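Trainee: Starting off with a structure, shown below.
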2 protein chains.
Amino acid sequence: MLATGVFDLLHLGHLRFLQESKRKGGPRSKLLVVVARDKTVFRRKGRGPVIPEDQRRELVGALRVVDRAILGREEIDLLGVLKEVKPNLVCVGYDQDEIRTAVTRLIVKEGLPIKVVRIRRFGPIGFNSSSSLKKKIARSVASS
Amino acid sequence: MLATGVFDLLHLGHLRFLQESKRKGGPRSKLLVVVARDKTVFRRKGRGPVIPEDQRRELVGALRVVDRAILGREEIDLLGVLKEVKPNLVCVGYDQDEIRTAVTRLIVKEGLPIKVVRIRRFGPIGFNSSSSLKKKIARSVASS
């Protein structure tokens, strides 16, 4: 099974998303995580992540729950990834509607035997977003 | 074996420190990590971490290389932790000289069979410090 994301500042929201993704796949499932490239993030959000892609990939891959972490393709090529990895399940986060739509459309169009599962948001808002974390850090640095 | 730290924003420098600590203990060693309490950090640095202690502990414990992660004691009680955990090795980071001195002094004074190993700094400066990471994030938020 496959999950994807930027994982810019690894936090508990990421961990819970990945743990829940693995759980959806059942006890023997392997969790492959596709970590977005710097360029892909830049193209989509207008600025790149704080942590370089290699470091983001290595840290995600160091989590016990993750079986393998790879970098995405520079050009967004969802079909390529799906055909190469052949997951039975693709887990998308609560804030990944765009990816969910794109993956679902592809699966239907290509008739692929893949299920898409949406993982809910966990716990309080505080630790669920790298963006809110960054703002909190900025305030903390400014006040010191 | 035991390693300790704040691990405020988990980054590759932390991971390498923990991996190297585990390696020093040999293939069968168990790595126990003592994660500093918010109050302890506040007392030592004049301000607390960005990520609350429970979340820092859980994320560190989710790393494959870590066998167990526990929170430190609110009052700094090194001797208590050493006597309770009974590690054969204590690994300290390149920036933990204060802890190294305190642990070494205790070990000698109490005649404990514990070795202290200093883990060197890894790679380029960029990812080795939560403080420099926070500054980078603050700049990135300010310029957006």
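Trainee: Report, ordered by chain and residue number, the lysines lying within cross-link reach of B:LYS86, taken as a straight Cα distance under 29 Å and ignoring same-chain residues fewer than 8 apart.
Mentor: By straight Cα distance, B:LYS86 reaches B:LYS22, B:LYS24, B:LYS30, B:LYS39, B:LYS45, B:LYS109, B:LYS115.
Trainee: For a quick check, take a GNM of chain A with Cα springs below 10 Å and name the residue from A:SER29, A:SER21, A:SER131 with the largest mean-square fluctuation.
Mentor: In this elastic network of chain A, the residue with the biggest mean-square fluctuation among A:SER29, A:SER21, A:SER131 is A:SER131.
Trainee: What nm distances, shortest first, do you get from the label point of A:GLY46 to those in the other copies when the point sits 7 angstrom along Cα to Cβ?
Mentor: Inter-copy label distances (nm, one decimal, shortest first): 3.6.
Trainee: Within 10 Å of each Cβ in A:38-51, how many Cβ atoms from other chains are there, averaged over the peptide?
Mentor: Per residue, the number of nearby Cβ atoms from other chains is 2 on average.
Trainee: Take chain A, mark every one of the GluC sites (Glu not before Pro) that falls in a DSSP loop and has at most 14 other Cβ within 10 Å, then report the longest stretch left between them, sites excluded. It would help to have the intermediate numbers written out before the result.
Mentor: On the way: sites that count: A:GLU74, A:GLU75.
Maximal segment without exposed cleavage sites: A:1-73.
Trainee: Residues of A:11-18, mean number of Cβ from any other protein chain within 10 Å of their own Cβ, rounded to a whole number?
Mentor: Mean number of neighbouring Cβ atoms from other chains: 4.
Trainee: Give, to the nearest whole percent, the P(r) tail of region B:14-62 beyond 18 angstrom, counting all Cα pairs.
Mentor: Working: 490 of 1176 pairs.
Pairs farther apart than 18 Å: 42 percent.
Trainee: In Å, what is the Rg of the alpha-carbon atoms in region A:7-128, and how long is Dmax?
Mentor: Rg, Dmax (Cα atoms, Å): 14.1, 39.
Trainee: Looking at chain A as a GNM with Cα springs under 10 Å, which of A:VAL33, A:VAL81, A:VAL92 has the largest mean-square fluctuation?
Mentor: Per the Cα network of chain A with a 10 Å cutoff, A:VAL81 tops the list.
Trainee: What is the average number of partner chain Cβ atoms found within 10 Å of a Cβ in B:132-141? Each step should come with its number before you reach the end.
Mentor: Details: counts 0, 4, 7, 3, 5, 13, 9, 3, 7, 10.
For peptide B:132-141, the averaged partner shielding equals 6.
Trainee: Averaging over all projection directions, find the projected area of the Cα convex hull of the protein assembly as shown and quote it in nm² with one decimal place.
Mentor: With the hull built on Cα positions only, its mean projection is 15.9 nm².
Trainee: On to the next question. Return the distance in nm (one decimal) between the two label points of a simple spin-label model at A:SER29 and B:SER132, each offset 7 Å from Cα along Cα→Cβ.
Mentor: Spacing of the two 7 Å Cα→Cβ label points: 3.9 nm.
Trainee: Relative to the first principal axis of the alpha-carbon coordinates of chain B, what is the inclination of helix B:130-142, with its axis defined by its Cα atoms, in degrees from 0 to 90 and to the nearest 10?
Mentor: 10 degrees
Trainee: If the elastic network links every pair of Cα atoms under 10 Å, which of A:ALA36, A:ALA69, A:ALA102 fluctuates the most in the Gaussian network model of chain A?
Mentor: A:ALA102
Trainee: Determine, from the Cβ-Cβ distance of A:VAL108 and A:PHE42 and an R0 of 41 Å, the FRET efficiency 1/(1 + (r/R0)^6), rounded to the nearest 0.05.
Mentor: 0.90
Computed from the coordinates by the stated procedures, all read-outs in this text should not be read as laboratory data. If you're wondering where the values come from, they're calculated on a predicted model, not measured in any experiment. No Cβ is skipped: glycine too gets one built from the backbone with ideal geometry, and neighbour counts run over all protein chains shown.
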